[in-house]
């Protein structure tokens with residue numbers, strides 16, 4: 001059923017964030033509003049950057065950041081107020097000016113969602129830049145695939 | 001570049017919502033946070049339901065609703081505080097228990113994003129149901145494709 | 001019961017925004033989450049600024065803006081998905097470096113809330129500044145009280 | 001400057017939540033949008049309920065909950081992406097059908113805000129109820145004041 005692998009490949013560095021669902025992220029169906037999953041992916045992506053690459057603070061300090069160009073999420077099960085969601089992120093691929101992160105979301109009940117996001121390196125004016133060679137090589141060693 | 005058509009096909013019923021970006025939807029990059037686009041799709045989807053099918057209120061009154069099972073968004077340009085975003089929605093396909101909506105997002109500058117969402121009809125306990133025949137036939141007449 | 005007047009005084013310029021409650025602003029109690037009312041006040045405040053004073057865009061262009069230093073909201077009735085909320089804002093008072101806006105929130109059912117916010121003029125580094133004399137005089141003519 | 005005590009009184013049970021500011025809670029001024037503080041108060045309030053009284057889940061299971069009737073927040077300093085905010089909550093007062101919680105918000109830099117919220121016990125139809133005597137007595141022992 002999933003459109004993509006829901007586990008980080010064994011050779012790939014991943015990071016996991018735990019997030020207890022606050023009441024304000026629920027909606028009138030009694031479950032987490034689906035838009036919040038996109039925010040959960042960001043939590044895990046930034047954790048991955050911090051643990052394996054560079055902090056977002058450092059990126060911004062150099063006048064660059066990874067703009068989001070694509071988001072996709074599949075929802076397998078709902079989550080409710082006070083559930084603990086674990087979001088795991090890893091680097092799916094990297095190429096000259098962009099990269100793709102992949103994600104799985106689980107609760108104590110099992111897999112509740114999976115997702116992917118793509119990002120382009122941009123400068124402060126929003127122009128796309130090539131990822132500098134040294135950084136790209138560093139990220140390539142962490143990625144599942146190099147494109 | 002877009003992964004999907006960014007215009008409703010000529011034979012297909014669409015609905016458009018206008019949304020002026022509030023300050024609280026911006027982020028520290030100075031632009032709309034990308035997670036909000038998923039909320040914008042919901043605005044347009046509910047408008048489409050209201051204009052072409054049935055209101056969400058009616059669905060809930062009958063103990064059923066369309067749960068979101070998949071979301072995808074492509075981001076072509078950023079939007080900023082006070083920009084007016086127009087979000088157009090149409091029904092891409094329908095099958096036995098689910099349907100897919102497609103979306104385009106524009107500002108006065110042009111196309112800024114496109115997206116799609118998939119939904120399954122569920123009852124109050126979250127169980128997937130077949131879309132009743134009469135309704136499915138009604139929706140099929142509005143859809144770009146029947147699967 | 002209300003802690004403050006819930007109507008703009010007759011001599012005072014006010015602005016009103018209409019906001020149809022999106023589904024994503026509801027919570028698991030089936031009503032609008034109370035934190036969103038603070039966002040609604042911002043919608044009406046910015047509208048008031050645009051209609052009676054200066055646009056927020058202009059403020060930012062001059063390197064200054066009104067930082068929020070205080071928020072208070074009273075909740076009289078809940079609002080639900082698809083309700084139209086009208087939020088009316090007016091200038092309660094102004095003094096050297098700060099001002100206070102007051103608000104009422106209504107639906108077709110009547111008054112659902114009231115609120116007030118206070119703001120200090122700050123520069124880009126966050127330092128409080130006196131409101132320039134000409135601007136203060138202009139705002140004072142619009143205010144209910146001058147302190 | 002603060003309009004209320006910014007420390008829990010020494011005789012009063014308090015609870016503290018730590019919240020690392022996610023990027024999606026920042027706004028185009030580069031700091032946490034002020035509306036999020038109201039959400040932070042909820043995080044600490046629910047933690048207090050869990051640690052000192054009853055879990056929100058239990059309340060809902062009995063068909064009752066504490067509706068928010070009033071919110072107030074004072075902002076002393078801004079917070080930014082990735083800052084850790086500690087939010088401490090305590091029970092300021094309780095009376096027949098309502099109660100007031102008080103809050104302080106700090107970062108490693110010191111006090112950044114304080115607040116209070118009031119709540120009425122309501123049933124599922126939203127009607128205000130007296131807090132049952134046993135519960136009220138239990139809460140009164142935890143409160144700073146009984147009104």
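General observations
- Hits in segment B:80-103 - residues which are in contact (Cβ under 8 Å) with a residue 60 or more places away in the chain and out of contact with any helix residue (DSSP H, G or I) (no Cβ under 6 Å at 6 or more places or on another chain): B:82, B:83, B:84, B:85, B:86, B:88, B:90, B:102
- Flag if residue B:59 is in a helix (DSSP H, G or I), within 12 Å of another protein chain (Cβ to nearest Cβ) and surrounded by 18 or more Cβ atoms within 10 Å (Cβ to Cβ): no
- Residue D:44 in contact (Cβ under 8 Å) with a residue 60 or more places away in the chain and more than 20 Å from residue A:42 (Cα to Cα): no
Condition check ((1) closer than 20 Å to residue A:3 by Cα; (2) part of a strand (DSSP E or B); (3) touching a strand residue (DSSP E or B) at 6+ places or on another chain (Cβ under 9 Å)) across all residues:
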{"residue": "A:66", "(1), (2), (3)": "no, yes, yes"}
{"residue": "A:72", "(1), (2), (3)": "yes, yes, yes"}
{"residue": "A:77", "(1), (2), (3)": "yes, no, yes"}
{"residue": "A:102", "(1), (2), (3)": "yes, yes, yes"}
{"residue": "A:111", "(1), (2), (3)": "yes, yes, yes"}
{"residue": "A:114", "(1), (2), (3)": "yes, yes, yes"}
{"residue": "A:117", "(1), (2), (3)": "yes, yes, yes"}
{"residue": "A:122", "(1), (2), (3)": "no, yes, yes"}
{"residue": "A:141", "(1), (2), (3)": "no, no, no"}
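- Residue check, residue D:111 at pLDDT 95 or above and surrounded by fewer than 19 Cβ atoms within 10 Å (Cβ to Cβ): yes
- All told, residue C:37 falls short of being within 14 Å of chain A (Cβ to nearest Cβ), out of contact with any strand residue (DSSP E or B) (no Cβ under 9 Å at 6 or more places or on another chain) and in a helix (DSSP H, G or I).
- Within segment D:72-86, one or more residues are over 11 Å from the mean Cα position of the chain (by Cα), surrounded by 18 or more Cβ atoms within 10 Å (Cβ to Cβ) and more than 23 Å from residue C:117 (Cβ to Cβ).
- If you filter segment C:104-118 down to residues that are closer than 29 Å to residue D:31 by Cβ and out of contact with any helix residue (DSSP H, G or I) (no Cβ under 8 Å at 6 or more places or on another chain), you find that the one that is farthest from the other protein chains (Cβ to nearest Cβ) is C:104.
- Applying the condition of being out of contact with any helix residue (DSSP H, G or I) (no Cβ under 7 Å at 6 or more places or on another chain) and either in a loop (DSSP other than H, G, I, E, B) or within 12 Å of chain C (Cβ to nearest Cβ) (or both) to segment A:13-27 and asking which residue is nearest to residue B:64 (Cα to Cα) yields A:26.
The values are calculated or read from the model by the stated rules, or taken from the named source; none is laboratory data. Because the structure is a prediction, the values reported are computed rather than measured. Cβ atoms come from the backbone with ideal geometry, glycine included; neighbour counts cover every protein chain shown.
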